[in-house]
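In what follows, a structure is listed as structure tokens, so that the remarks can point back to it.
The values are calculated or read from the model by the stated rules, or taken from the named source; none is laboratory data. Because the structure is a prediction, the values reported are computed rather than measured. Note: ideal-geometry Cβ built from the backbone for every residue, glycine included; neighbour counts use all protein chains shown. All accessible areas refer to the heavy atoms of the entire protein, side chains included, with ligands and DNA or RNA removed. Shrake-Rupley method; radii C 1.70, N 1.55, O 1.52, S 1.80 Å.
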Amino acid sequence: MEAADYEVLSVREQLFHERVRESIISTLLFATLYILCHIALTRFKKPAEFTTADDEDATVNKIALELCTFTLAVALGAVLLLPFSIISNEVLLSLPRNYYIQWLNGSLIHGLWNLVFLFSNLSLIFLMPFAYFFTESEGFAGSKKGVLARVYETLVVLTLLSLLVLGMVWVASAIVDNNKASTESLYDFWEYYLPYLYSCISFLGVLLLLVCTPLGLACMFSVTGKLLVKPRLLEDLEEQLHCSAFEEAALTRRICNPTSCWLPLDMELLHRQVLALQTQRVLLEKRRKASAWQRNLGYPLAMLCLLVLTGLSVLIVAIHILELLIDEAAMPRGMQGASLGQVSFSKLGSFGAVVQVVLIFYLMVSSVMGFYSSPLFWGLRPRWHDTAMTQIIGNCVCLLVLSSALPVFSRTLGLTRLDLLGDFGRFNWLGNFYIVFLYNAAFAGLTTLCLVKTFTAAVRAELIRAFGLDRLPLPVSGFPRASRKTQHQ
């Protein structure tokens, strides 16, 4: 063999080893996410659905739970996708020739983006509908009962649903494109219609993030105030403990002497109220034992960090709006090749990259909190060891929609300069200037409005409570007057 042949074989062997190494790394990363998601879902599932007398229902629920675990692992991978890419770029810039990080390259990052996109399509379009129909199926009438009969019914229903959705997508794409080639490309299912359907789902997720993130940013302040111990100027724990003890004593007296009140009493409701007061008193006792550092330093620092992160997010979006008006390069776009380790994605270098990662995680947590705080999705909130299987499926679908839209959401708002890799940059609406500009303006306006309203209302309520104005006998006009019959009684 000639030297050229040996060189070609050496290159092929090197490429083969790189592909194997990337596959092993991707498998290990996904296995870690899968284990973490499985542990989380087992904490929320309802044990009665997995230990029923009917082994068939228990088997179906276990299969559906594994599919939900896979979907939730993909959602978590989509959340970590953009931060991992930003950190990897900074590591490659700082240590370009380090032997121990040769496995970290653009090919690996690009492969992870493609895998997340593929698994997101697979979960949203096939796995989660299959899991839902599988748990609701009972088998065709007249067929032999069993798990296999449920699988047949689920596959038939899923096939009919897929044909319906495919037809709707084909009609919608033909109307939007108004092109004869698009109407004749029905056989181009994988290259055109699945990405088009996922583009619509991603656009829905981005709109959902636009609504939920400002609401979640407003909820972060109230939730932090409930979790942390406030300074004595803003909170009187002694008075709350005395009030809780008095209320508990009054309810206990009613339970012990039910004949002392001429009105009929709901004993079960009274017992629940007593248990709630006891739990509240235990929490107040723990908060009273907090140190002076936690009381006087923890709460102000937490509130200051939340205010700085929220203000910084609005400032970055405002700057990005100005860049959109001036420079066309500020528009989000896709990038086919992952050229990492050449230039930093932030003007502040590594510090700016860390700030970008923190902001991305902060906005994702805020969006999830705002999602579960909205009245529309309040009933979907999971409960500890009391979440039905269909509710788990709904939560996994919603979290996957939110998380898979996070890279597009972050790039559209200008939180990072990293261009979208793989098929994430093929969305048609990303090139529309009016959509991107209005999206940035709406996010900045809604976030500022929620922040000002929540912050001013919280400060006003705390000042009223601190000065004792809430205990003044002021007339309240919101309550209806008592009727004459009630007054005579």
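Annotations for the structure displayed:
- With 0.36 nm allotted per residue and the present C-alpha distance subtracted, the LEU166-LEU148 stretch has 3.8 nm of extension available.
- Note on ALA250 and SER26: the extension gain reaches 74.6 nm, defined as 0.36 nm multiplied by sequence separation minus the Cα-Cα distance.
- Sequentially through the stretch 203-214, phi angles give Karplus couplings (6.51, -1.76, 1.60; θ = phi - 60°) of 5, 5, x, 5, 5, 5, 5, 4, 7, 7, 5, x Hz, Gly and Pro residues having no value and appearing as x.
- Förster-model FRET efficiency, 45 Å R0, TRP103 and ARG43, C-beta, rounded to 0.05: 0.85
- In order along the stretch 376-386, the phi-based Karplus estimate (6.51 cos²θ - 1.76 cosθ + 1.60, θ = phi - 60°) of 3J(HN,Hα) comes to 5, 10, 5, x, 7, 4, x, 10, 5, 6, 8 Hz; Gly and Pro are listed as x.
- Dipole moment magnitude, nearest 20 debye, the stretch 33-123 about Cα centre, only Lys, Arg, Asp, Glu C-beta charged: 460
- Largest accessible area first, the listed residues THR71, THR390 line up as THR390, THR71 when surface is computed with a 1.4 Å probe on the assembled protein chains.
- Packing rank of 361-370, 58-67, where each peptide gets the mean count of other beta carbons within 10 Å, highest leading: 361-370, 58-67
- Amide H contacts under 5 Å for LEU421, placed H, 5+ residues apart: MET335
- Sorting 108-115, 93-100, 78-85, 431-438 by average packing, meaning the other beta carbons within 10 Å per residue, from highest down gives 78-85, 108-115, 431-438, 93-100.
- Surface analysis of the stretch 357-399 yields an accessible area of 43 Å² per residue, using protein heavy atoms and a 1.4 Å probe.
- For the peptides 401-413, 201-213, the ranking by packing is 401-413, 201-213, with the highest mean count of neighbouring Cβ atoms within 10 Å listed first.
- Label-point separation, GLU328 to LYS453 (7 Å along Cα→Cβ), nm: 3.9
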